[in-house]
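The values are calculated or read from the model by the stated rules, or taken from the named source; none is laboratory data. Here the structure is a predicted model, which means the values were calculated and not measured. Counting neighbours? That spans all protein chains shown, and the Cβs are built from the backbone with ideal geometry, glycine included. The area values use the complete protein model at the heavy-atom level, side chains included, leaving out ligands, DNA and RNA. Shrake-Rupley method; radii C 1.70, N 1.55, O 1.52, S 1.80 Å.
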Amino acid sequence: MKDMQLGASDTVAIVGAGLVGAGWAVVYARAGLNVKVFDANPEITRKSIPLIEGQLAGLHRHGLIAEDPAVILSRITTASTLAEAVEGVAYVQESVLERVDVKRQLMIDLDAIASPDLIVGSSTSGIPGSAFALGLSLSPRILIVHPVNPPYLVPVVELVPSPETSAATVEFAEALMKAVGQTVVHVRKEVEGFVLNRLQAVLLREAWALVDEGVASCEDIDKTVRDGLGWRWSFMGPFETIDLNAPGGVADYAVRLGPLYQRIAASRQHEQPWDETLIKQVEAQRRVHLGHGDLESRRAWRDERLMAFAAARRSTHPEG
């Protein structure tokens, strides 16, 4: 097993060069690591470099990187084959399609060519490692390293070992993530969706149901989170929020409002799936506020806002 720390001369590989993979390349390169980027689709590999270049320019513009973006970009190279991508690297960040069969085949392919100390972190949003990473010689060195998109702006990373992941692999991943500036969350049991997406799923379930029942529009629900819940959630989590929202703290809150939340939860025991009619309704409401042709520019706007937020947070919370 490789030493728990990577030096500046070490190289990591990104396998899967879409939005998440490109974002990861920024994370590692700005931390001083060399990065090799590979995607089975050569066109996606090619497009990743100008995408990364734009992301670095934005970070520099907001004062989030002091180093010349061109110098950081020079640490990132592309590979034309998987074997070329992983040759001589200490760590692979897998960011391929969110499909069990695609991820399983990649693990099999990596197993055939991996060095004895290569570690693989999967960016999967919710598929447990036991679904695609077991039964290989590489299995003890595979774990979930799930980011939030874009990972170079939103720092949290969920580490989820499979039943065959070694403790040393988890320790390595934790040390690596902290070294490149990410915030580590340990998910101690395999569960579909891990922690972040399970929390998000509850909010989305209720949001879709409220639209379906005619309680509120998509825009008013977005306002409720954007101009309400999100203000507190941008700097504290749900348990701290409720701990501060009752005179006697969290236990007092549970007594006062626990029955209300339990009734709300019970009212959703027989929820309906998001059917075609509901999806069309939500789609129509969203397109009133944002046309399909404006999605890409709005994503760029989102990233600019996240950069501004990150810069402000850094100035007021320099410890992280």
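Taking the Cα atoms only, what angle lies between the long axis of helix 276-289 and the longest principal axis of the chain, rounded to 10 degrees?
80
Before I look further, what does region 11-119 give for accessible area per residue, probe 1.4 Å, in whole square angstrom?
For region 11-119, the per-residue accessible area is 42 Å².
Which whole-number percent gives the relative contact order of the chain, counting Cα pairs below 8 Å spaced six or more residues apart?
Across the chain, relative contact order equals 15 percent.
Could you list the GluC sites (Glu not before Pro) in region 30-102 that lie in coil according to DSSP, counting only those with at most 15 other Cβ atoms within 10 Å of their Cβ?
Here the GluC sites (Glu not before Pro) that fit, given the DSSP loop and packing criteria, are 67, 87, 98.
Go through 38, 132 and list them by solvent-accessible area, largest first, probe radius 1.4 Å.
Solvent-accessible surface, decreasing: 38, 132.
Quick one: which residues, 5+ away or cross-chain, put their amide H under 5 Å from the amide H of residue 91? H built at 1.01 Å from N.
Here 13, 119 satisfy the definition.
Tell me the angle of helix 167-179 to the major Cα principal axis of the chain, expressed in degrees between 0 and 90 and rounded to the nearest ten.
Tilt of helix 167-179: around 80 degrees.
Quick check: the angle from helix 42-61's long axis to the longest principal axis of the chain, C-alpha only, nearest 10 degrees?
Once rounded, the angle reads 70 degrees.
Show me, bin by bin at 10 Å from 0, the whole-percent P(r) of the chain based on Cα pairs.
For the chain, the binned pair fractions read 5, 22, 31, 25, 14, 3, 0 percent.
On the protein heavy atoms, probe 1.4 angstrom, tell me the percent of accessible surface of region 230-308 carried by carbon and sulfur.
That share works out to 60 percent.
For region 181-237, what does the accessible surface come to per residue with a 1.4 Å probe? Please give it in Å².
Here the per-residue accessible area is 65 Å².
Translational D (Stokes-Einstein, µm²/s) of region 63-157 at 37 °C and 0.692 mPa s when Rh comes from the Kirkwood sum over C-alpha pairs?
223
Computed over the Cα atoms of region 40-93, what is the ratio Rg over Rh, Rh following Kirkwood?
Answer for region 40-93: 1.04.
Tell me, what is a quarter of the convex hull surface for the C-alpha atoms of region 179-247, in nm² with one decimal?
7.3
Mind listing the Cα extents of region 1-150 along all three principal axes, in Å, largest one first?
Computed over region 1-150, the largest-to-smallest principal extents equal 46, 31, 26 Å.
Probe radius 1.4 Å, ligands and nucleic acids ignored: give me the carbon and sulfur share of the accessible area of region 38-195 as a rounded percent.
Carbon and sulfur atoms account for 57 percent of the accessible area of region 38-195.
With all pairs of different alpha carbon atoms counted, what Kirkwood hydrodynamic radius in Å does region 174-320 show? Write out the running numbers ahead of the final one.
Details: mean 1/r = 0.0534 Å⁻¹.
Mean inverse Cα-Cα distance, inverted, gives 18.7 Å.
Mind giving me the nanometre distance, one decimal, between the label points for residue 105 and residue 296, set 7 Å out from Cα along Cα→Cβ?
My value for the distance between the label points is 2.8 nm.
Net charge near residue 232, counting Lys/Arg +1 and Asp/Glu -1 over other residues with Cβ under 14 Å of its Cβ?
-2
What does the extension gain come out to for residue 185 and residue 200, with contour length at 0.36 nm per residue minus their alpha carbon separation?
Details: separation 15, 0.36 × 15 = 5.40 nm, distance 1.56 nm.
In short, 3.8 nm is gained.
Between residue 276 and residue 251, what length in nm is gained on full extension when 0.36 nm per residue of separation is reduced by their alpha carbon distance? Don't jump to the answer; show the numbers that get you there.
Numbers: separation 25, 0.36 × 25 = 9.00 nm, distance 4.19 nm.
Answer, rounded to one decimal: 4.8 nm.
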